[in-house]
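Participant: Got a structure for you, written out below as structure tokens; questions coming shortly.
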Amino acid sequence: MLAAVQFTVAVDFVIMMPLGPQLMRIFGIDTPAFNIAVSAYAGAAGVSGLGAAFFLDRFDRKTALFARALAGFFGGIVGGISLAMVGDLVPDSRRASAVGTVMSAFSVAQVAGVPLGLYFADTLGWHVPFLLLAALSAIVWVFAIVRLPKVRAHLRASRSETPLRRFLGILANANHLRALALMSVITFGGFMIIPDLANYLISNVHLNSGELRWVYLIGGGATLFTMNGVGRLADRFGRMRIFTIMMCCSIVAAFLSTHLPVVPAAVAVAVSTFFMISMTGRFVPAMAMITSSVEPEHRGGFMSANSAVAQFSAALAATMAAWVIHDGANHELVGFGKVAWLYAGWAVIGLWLASGIKTAAVPGPKGSRFTDERLPESST
């Protein structure tokens, strides 16, 4: 159910990027202006996520999750709440696999949401994908009300402190700050490349809109399987080891994707698929480490702050990419290859930050996080 909720959020966020060439043509804007449009969504979600960090631990996780249905700017909350629920309900030994399952929603968004969105935009108009997404979100919202469990074990501790004191307490913890910095670094590096990738494939590699749909269909389909696989590998062999492997792969993928010449569509799809696998794969062990770095009673506020950090970082990265990348004389992207070098630098910093993150102490015998208010034993 959490993956379904995340799917609607993921499509809402990513649909702008593959529609980039079409929206730029319809509205008569250039690449830097489009990057600002992408960053506007992330910036707004970051503001709401940061504000929510003050009070989310004072409410049932399920109640807070549905705040998004009441106002669009609460999109910045959903990611944090979903992962907070994973942290509350799934033991640490299986958490990377659980994170991979929830985050596979982004893969489904690429497999189904983006290609369908591109198809409806091409045939019926650019506004249709957004209308259909609104209808789907309403359906998911109803099912989530019925199916999601209540998570209240954190309420007693959270209500003993003022929201400001709790927020400052989160920021005062060096381990929390390191985890937030890791989130910022891996998001910033990726979003120096991701918003302009579709435009680069169209303008520089000369793919058409039909071939672009295959990029997202095949790439997203591959990550649907690899994200769960990466989660299981991280639980078995260690999160830091798998994170290091995926980060190294992502550096190679970043250079290949941003320096791709005019090639057959099959080659472009293969390179793009490798890029998507490595970029999404690094997030799974990273999010497992980040989620485990905070105590249960602070997890909602921390994860909301973490979501805000990710959104702000994405917005800043898209904005900075607009300073590096510009349109050439033949409408080709100029300077796109430079961002791969910037990404490599951020990747090295990310590896250093991840190596120092510690798992937070948890209450209960043998580190168990389960209480009477959580899922019954048969469900876990």
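The values are calculated or read from the model by the stated rules, or taken from the named source; none is laboratory data. In this text, all values refer to a predicted model and were calculated from it rather than measured experimentally. We place every Cβ from the backbone using ideal geometry, glycine too, and count neighbours over all the protein chains shown. Surface areas here come from the heavy atoms of the whole protein model, side chains and all, with no ligands, DNA or RNA. Shrake-Rupley method; radii C 1.70, N 1.55, O 1.52, S 1.80 Å.
Participant: Could you check how many residues of segment 279-307 are small (Gly, Ala, Ser) and either closer than 30 Å to Phe255 by Cβ or not in a helix (DSSP H, G or I) (or both)?
Facilitator: 5
Participant: Sticking with this one: Inspect segment 262-272 for any residue being open to solvent by less than 10 Å² (accessible area, probe 1.4 Å) and either closer than 18 Å to Ile194 by Cα or out of contact with any helix residue (DSSP H, G or I) (no Cβ under 9 Å at 6 or more places or on another chain) (or both) and give the result as yes or no.
Facilitator: Taking segment 262-272 first, the residues open to solvent by less than 10 Å² (accessible area, probe 1.4 Å) are 268, 272.
Those still in the list that are either closer than 18 Å to Ile194 by Cα or out of contact with any helix residue (DSSP H, G or I) (no Cβ under 9 Å at 6 or more places or on another chain) (or both) too: 268, 272.
Checked segment 262-272: at least one residue is open to solvent by less than 10 Å² (accessible area, probe 1.4 Å) and either closer than 18 Å to Ile194 by Cα or out of contact with any helix residue (DSSP H, G or I) (no Cβ under 9 Å at 6 or more places or on another chain) (or both).
Participant: Sort out which residues of segment 276-295 are within 11 Å of the chain's Cα centre (by Cα) and among the hydroxyl-bearing types (Ser, Thr, Tyr), and write them in order of number.
Facilitator: Answer for segment 276-295, where residues must be within 11 Å of the chain's Cα centre (by Cα) and among the hydroxyl-bearing types (Ser, Thr, Tyr): just Thr280.
Participant: Let me ask you something else. Consider Leu233 carefully, then state whether it is open to solvent by 30 Å² or more (accessible area, probe 1.4 Å) and either among the aliphatic types (A, V, I, L, M) or part of a helix (DSSP H, G or I) (or both).
Facilitator: The answer is yes for Leu233.
Participant: I'm trying to understand the selection: among the residues of segment 176-216, which are in contact with a Gly (Cβ under 7 Å, 6 or more places away or on another chain) and polar (S, T, N, Q)?
Facilitator: Asn199
Participant: Here's something else I'd like to know. Just one of (1) closer than 28 Å to Pro115 by Cα; (2) open to solvent by 10 Å² or more (accessible area, probe 1.4 Å); (3) charged (D, E, K, R) trips up Arg282, so point out which.
Facilitator: Answer for Arg282: the failing condition is (2).
Participant: Pairs please, first residue from segment 193-208 and of a type in the set (Ser, Thr, Tyr), second anywhere and crowded, with 22+ Cβ neighbours inside 10 Å, Cβ atoms under 6 Å, 6+ apart in sequence or on different chains.
Facilitator: Tyr200/Phe336
Participant: With respect to the numbered conditions (1) crowded, with 23+ Cβ neighbours inside 10 Å; (2) more than 26 Å from Arg25 (Cα to Cα), which one is the sole condition not fulfilled by Asn199?
Facilitator: (2)
Participant: Scan segment 249-278 for residues that are in a helix (DSSP H, G or I) and free of Cβ contacts under 8 Å to residues at least 40 places away in the same chain and report the count. Please lay out each step first, then the result.
Facilitator: Of all residues in segment 249-278, those in a helix (DSSP H, G or I) come to 249-258, 265-278.
Still in the running and free of Cβ contacts under 8 Å to residues at least 40 places away in the same chain: 249, 252-253, 256, 266-267, 270-271, 274, 278.
Of the residues in segment 249-278, 10 are in a helix (DSSP H, G or I) and free of Cβ contacts under 8 Å to residues at least 40 places away in the same chain.
Participant: Exactly one of (1) at pLDDT 70 or above; (2) more than 30 Å from Val324 (Cα to Cα); (3) over 14 Å from the mean Cα position of the chain (by Cα) is unmet by Gly100. Its number?
Facilitator: (3)
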